[in-house]
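Note sheet for the following structure.
The values are calculated or read from the model by the stated rules, or taken from the named source; none is laboratory data. Predicted model only: the values in this text are computed from it and were never measured. Neighbour counts run over all protein chains shown; Cβ positions are idealised from the backbone, glycine included. The accessibility values were calculated without ligands, DNA or RNA, using every heavy atom of the protein model including side chains. Shrake-Rupley method; radii C 1.70, N 1.55, O 1.52, S 1.80 Å.
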Amino acid sequence: MLSRITDAVAHSDHTVTITWSDGAQGVVDLTRFIARGGLFAALSDANWFVQEMRVLPGGIGLAWPNELDFSADGLRQDAFPHEETGEFNPPVVAA
């Protein structure tokens, strides 16, 4: 599945409310990435997190100025972990 982001709103609690091109809307929590530190440490500043987030051209993901980005498909999977992605769904084999 090639998910495209049509809208995204960053929140000071390090979540992002995302709307995808099919109308689905979900919230993704990025705190687990921030906890890793390193490149992700910049996201810990709540004001910077909110003010600097951008939707990448074509809605292919979200990005911040330090070249940190998240793909639309990966964010969709984080928002809806039980959703079939459509990328590869093996056939069900009867036992």
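The one condition from (1) of a type outside the set (K, R); (2) open to solvent by 70 Å² or more (accessible area, probe 1.4 Å); (3) in contact with a Lys or Arg (Cβ under 8 Å, 6 or more places away or on another chain) that G26 does not meet is (2). The selection criterion, being at pLDDT 90 or above, of a type outside the set (V, I, T) and over 15 Å from the mean Cα position of the chain (by Cα), does not hold for A72.
Set side by side, the residues V9, V27, V50, V16 differ, and just one is in a helix (DSSP H, G or I) and modelled with pLDDT of 95 or more, which is V50. What tally of residues in the stretch 40-78 results from selecting those that are over 20 Å from W20 (Cβ atoms) and either open to solvent by 50 Å² or more (accessible area, probe 1.4 Å) or touching a residue at least 24 places away in the same chain (Cβ under 8 Å) (or both)? Adding up the residues that qualify gives 16. The set of residues in the stretch 53-74 being of a type in the set (D, E) and part of a helix (DSSP H, G or I) consists of D73 alone. Look at R4 and say whether it is out of contact with any helix residue (DSSP H, G or I) (no Cβ under 8 Å at 6 or more places or on another chain), open to solvent by 40 Å² or more (accessible area, probe 1.4 Å) and of a type in the set (K, R). The answer is no for R4.
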